[in-house]
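FYI, it's all coordinate maths here, none of it is from the lab. All values reported here derive from a predicted model rather than from experimental measurement. Glycine gets a Cβ as well: all are built from the backbone with ideal geometry, and neighbour counts include every protein chain shown.
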Amino acid sequence: MRHNKKFNHLGRTNTHRNAMLSNMACSLIKHKRIFTTTAKAKALRVYVEPLITKSKEDTTHSRRVVFSYLQDKFVVTELFKEIAQKIGDRPGGYTRIIKTGNRLGDNAAMCFIELVDYNENMLKDTAAKKTSKTRRSRKKSTAAVAEAPEAEVAGEEKAAE
């Protein structure tokens, strides 16, 4: 019985899958964004986000645990020095998956997976969107207020004549 075994095997053996996810995690940490299939990106998110959370606490033990997954000391150093400093206050959700369509050859769903705090274009958009939002449009309300006194004044002039 396979109760509570929900992760995607990706058509690979256990050792092949672990090696592939380790390599993809190293590439994601090095390049901050990689292009892959949606199934692999979802599996990679489950693999790499606990490692990023572990990197928030810079101890010898946490470095050794992360190194046992990644097997690349330069990537571990970059993760603990640069990325951990940038995401230190974020409570989770360190990666973003952006779907890009289907691959031409086999029609596989493709996407970008990227580290959230390293996409400058998205950071600019979110900074611009942080204005206060209301359900009513401000233009309509100011235009209606401006027109109402003019209509009252025009009505008073006709009544005076």
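Observations on the structure shown:
- Once segment 39-59 is narrowed to residues that are free of Cβ contacts under 8 Å to residues at least 24 places away in the same chain and in a helix (DSSP H, G or I), the residue that is surrounded by the fewest Cβ atoms within 10 Å (Cβ to Cβ) is Pro50.
- Output for segment 11-38, where each listed residue is among the hydrophobic types (A, V, I, L, M, F, W, C) and surrounded by 15 or more Cβ atoms within 10 Å (Cβ to Cβ): Met20, Leu21, Met24, Ala25, Cys26, Leu28, Ile29, Ile34
- Residues in segment 60-92 that are closer than 21 Å to Ile34 by Cβ and surrounded by 11 or more Cβ atoms within 10 Å (Cβ to Cβ): 20 in all.
- Here His16, His9 are screened, and the one residue that is free of Cβ contacts under 8 Å to residues at least 60 places away in the same chain, over 28 Å from Glu120 (Cβ atoms) and part of a helix (DSSP H, G or I) is His16.
- For segment 93-118, taking the residues that are of a type in the set (D, E, K, R) and part of a strand (DSSP E or B), the one that is nearest to Thr37 (Cα to Cα) is identified as Lys99.
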